[in-house]
1. Within the range 115-136, which residues are farther than 21 Å from Ser80 by Cα and touching a residue at least 24 places away in the same chain (Cβ under 8 Å)?
2. Which members of the range 71-81 meet the condition of being surrounded by fewer than 21 Cβ atoms within 10 Å (Cβ to Cβ) and within 14 Å of the chain's Cα centre (by Cα)?
3. State which residue is surrounded by the fewest Cβ atoms within 10 Å (Cβ to Cβ) when the search covers only the range 141-150 and only residues that are within 14 Å of the chain's Cα centre (by Cα) and small (Gly, Ala, Ser).
4. State the number of residues belonging to the range 144-184 that are farther than 22 Å from Phe60 by Cα, outside any loop (DSSP other than H, G, I, E, B) and small (Gly, Ala, Ser).
5. Residue under question is Leu211, and the condition is that it be out of contact with any Gly (no Cβ under 8 Å at 6 or more places or on another chain), under 30 Å from Phe68 (Cβ atoms) and part of a helix (DSSP H, G or I); does it hold?
6. What helices (runs of 4 or more DSSP H) completely inside the range 1-107 contain at least 2 residues that are at pLDDT 60 or above and not aliphatic (A, V, I, L, M)?
7. Can you name the condition, by its number, that Ala167 falls short on among (1) under 17 Å from Val78 (Cβ atoms); (2) surrounded by 19 or more Cβ atoms within 10 Å (Cβ to Cβ)?
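The values are calculated or read from the model by the stated rules, or taken from the named source; none is laboratory data. Just so it is clear, the structure is predicted and the values come from calculations on it, not from any experiment. We place every Cβ from the backbone using ideal geometry, glycine too, and count neighbours over all the protein chains shown.
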Amino acid sequence: MGEDMRETAVLERLKQGYTTGARTLASRSIVGLARTRITPNALTTAGVSLCLAAAVLVYFENRDELLFYWLGAFVFVVGSILDVLDGALARAGGKTTPFGSFLDSTTDRVGEGAMLGAIALIFSRHGNEVALGAAVAAIAGSFLVSYTRAKAEALGLRGDVGFGSRAERVVAITAGLVLAPWGVLPWAIYLLTATAWLTVLQRILFVRKQLAERK
């Protein structure tokens, strides 16, 4: 048990390290953009539009695997980066609004859900029912990861534990798409599904612990 706790602590420190680093880099790169008329909501819209376009691109992998998987991965990464920059722009320009935060969170789910849905259709096309089931479970798991955090925070609790947050899922999806011509995509989805559901379980247990400590 002690060893498991130490491993979990190491993973959490690693996650916090690169998350903080990514946010710092985004904040620095957004300074010039904050002086323009570009709004955070415009970046949010551009980000989700690119993620949706990426989902459409990867669906056509049966025409040219290397081209459409790689092009889809590139567009998906750019769209995901814009999803990070919109929040940084809002903070840097003093343009943070409740609606902007709500829109950002909602469109994040739309873009990711569309990509996982496209991947599920690809698995169906190739007759891989196990991978298809995992992709459907990945969609549910990824949505629940975000929901459990939002619900915990609505209760005045922390819900940000776990190693399967959106940043990790974007990395897993992108790596799976880049290596898809060599059969790696199903394994990337298996990994994503497992980490997403483990994160959901972690957050449920963490919320339960916080509520118990309140008594």
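1. Across the range 115-136, the qualifying residues are Leu121, Ile122, Phe123, Arg125, Asn128, Val130, Ala131, Ala134.
2. Val77, Val78, Ile81
3. The first filter runs over the range 141-150 and keeps only residues within 14 Å of the chain's Cα centre (by Cα), leaving 141-147, 149.
Next, from what is left, pick out any that are small (Gly, Ala, Ser): 141-142, 146.
Numbers: Gly141: 22, Ser142: 27, Ser146: 19.
Of everything passing the filter in the range 141-150, Ser146 is surrounded by the fewest Cβ atoms within 10 Å (Cβ to Cβ).
4. Result for the range 144-184: 5.
5. Against the criterion (out of contact with any Gly (no Cβ under 8 Å at 6 or more places or on another chain), under 30 Å from Phe68 (Cβ atoms) and part of a helix (DSSP H, G or I)), Leu211 does not qualify.
6. Numbers: elements: 2-29, 31-34, 40-59, 65-92.
By residue number, 40-59, 65-92.
7. Every condition holds for Ala167 apart from (2).
Each row is one residue, and each column tells you yes or no for (1) over 15 Å from Thr195 (Cα atoms); (2) crowded, with 20+ Cβ neighbours inside 10 Å; (3) at pLDDT 95 or above.
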site	(1), (2), (3)
Ala118	yes, yes, yes
His126	yes, no, yes
Leu132	yes, yes, yes
Ile139	no, yes, yes
Ala152	yes, yes, no
Leu155	yes, no, no
Gly162	no, yes, no
